[in-house]
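Since the structure comes first, as structure tokens, the remarks are kept for the end.
The values are calculated or read from the model by the stated rules, or taken from the named source; none is laboratory data. It should be emphasised that the depicted structure is a prediction, and the values quoted were computed from it without experimental measurement. Note that we place each Cβ from the backbone using ideal geometry, even for glycine, and neighbour counts take in every protein chain shown.
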Amino acid sequence: MKAFCAAALLILPLIGCFRHRETPVEPPKGALAGLSPSGFNRQIACGKWEEAAASDPEALRHVSFPELSASACYVPVRYKGEVAQPDPIPKGCEYPSENARTTLIRERDRYSAIAGGRPVSSLPPELACVLSTDVLTAAARQNAAALSAVLQDLDAGRVYPYSAVAVFGFGHRDHGSSVLTGVGPQADCVPMVKSDFDLLSINVTRAGRGAMAHAASVAPVVIMSGGAVHSPLIEAFALAHVARCRFGVPRDRILVDPCADHTHTNVKHMGSLVIALGGKTAYAVTDSGIQADYLNEDTIFRLIGGDIDQRALRDWGYLLGSWRRASVGMSAGFWLTPYRFWAEPTDGLGSFSCVR
């Protein structure tokens, strides 16, 4: 297996990392249309996915075509350089809606309780890893403030096409020497010079794209995701600092996930936060490199057993949801949802997710 993986990586530059699946001429049916297969068993889906969806092999992969269905709330985001502009919001897809209020209040209060050291029934997935008390408190306080800001939007009647913009971090062992190591999401801005930004490399590009999407009102908040995986630097906190202090994202418009340790946990925790927002979709942005390739539909990672679907099935037994490229003029922006069968009625499987 190791030899095969090495050979695959050697030919990677020659054959390309991914092949984006083109939109079919006719709307597909079943799982590719965001619909559950006949006889899908939601009671055993979270942990026995193959058994729950055995009647439709396509249900074992995330691939779907939300651009063909109004129920997907798929909104293209168009780019001129790095400047983003979302298409008009489809009717019925405005976020936040009044239906989100109860969820927003409940989750805001849960984060506030965690920040205050009060008992809660469970920690959300993005805070459920091993964290110091200071990091857990800072992250929970940050997320409570962001949900309060969304509630203010709801009261003011402001709406957006997506519930959140999501940015996934990149870690490296050298990041431990960053001036942002140990800096929390609500700390004052730390002076940074060119070498400090260079050290963070593509994280600056990712944070900038998240900030540009937020400035274009793609979503009310930006999710910054990534733990201290490769160094003591918490990627989510570093992304939040760069987005806020270099690119101008307001402090209370950032949600943080300091627990994700790989792109597939980035996606999982993004889904958890979308649910906490009472939303249905997020818009994820990354740099135009390997992570963008990883999120496209037919990847070479599948050949070596390492695409997001395969990792999710091994780790949790279920798929994470669905995603699809939504950026136009830039290849690294994606529509994502934690709901695998997002086209179902919201009182059916369209409200069903294994994330939380």
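Worth pointing out:
- From the list Ser195, Ser225, Ser217, Ser272, the one residue that fits, being hydroxyl-bearing (Ser, Thr, Tyr) and within 12 Å of Gly171 (Cβ to Cβ), is Ser225.
- Matching option when the condition is out of contact with any Cys (no Cβ under 6 Å at 6 or more places or on another chain) and surrounded by 14 or more Cβ atoms within 10 Å (Cβ to Cβ), among Glu126, Glu94: Glu94
- Yes/no for Thr102 being crowded, with 16+ Cβ neighbours inside 10 Å, of a type in the set (Val, Ile, Thr) and either more than 23 Å from Val229 (Cβ to Cβ) or more than 21 Å from the chain's Cα centre (by Cα) (or both): no
- Among the residues making up the range 250-279, those that are surrounded by 24 or more Cβ atoms within 10 Å (Cβ to Cβ) and more than 17 Å from Leu123 (Cα to Cα) are Ile254, Val267, Gly279.
- Residues in the range 26-58 that are modelled with pLDDT under 90 and among the aliphatic types (A, V, I, L, M): Ala53, Ala54.
- Candidate set from the range 314-356 (those that are polar (S, T, N, Q) and in a loop (DSSP other than H, G, I, E, B)); member that is surrounded by the fewest Cβ atoms within 10 Å (Cβ to Cβ): Thr346
- Residue match in the range 46-53 (condition: without any contact (Cβ under 8 Å) to a residue 40 or more places away in the chain and more than 20 Å from Ile308 (Cα to Cα)): no
- Leu123 being over 18 Å from the mean Cα position of the chain (by Cα), without any contact (Cβ under 8 Å) to a residue 24 or more places away in the chain and over 16 Å from His262 (Cα atoms): yes
- Checked against the criterion of being at pLDDT 95 or above and out of contact with any Asp or Glu (no Cβ under 9 Å at 6 or more places or on another chain), the candidates Gly271, Gly278 yield just one match: Gly271.
- Filtered by the rule that a residue be hydroxyl-bearing (Ser, Thr, Tyr) and assigned to a loop (DSSP other than H, G, I, E, B), the range 48-104 gives Ser55, Ser64, Ser69, Tyr74, Ser97.
- When each of Leu35, Leu60 is tested for being farther than 29 Å from Arg209 by Cα, hydrophobic (A, V, I, L, M, F, W, C) and crowded, with 19+ Cβ neighbours inside 10 Å, the lone residue that passes is Leu35.
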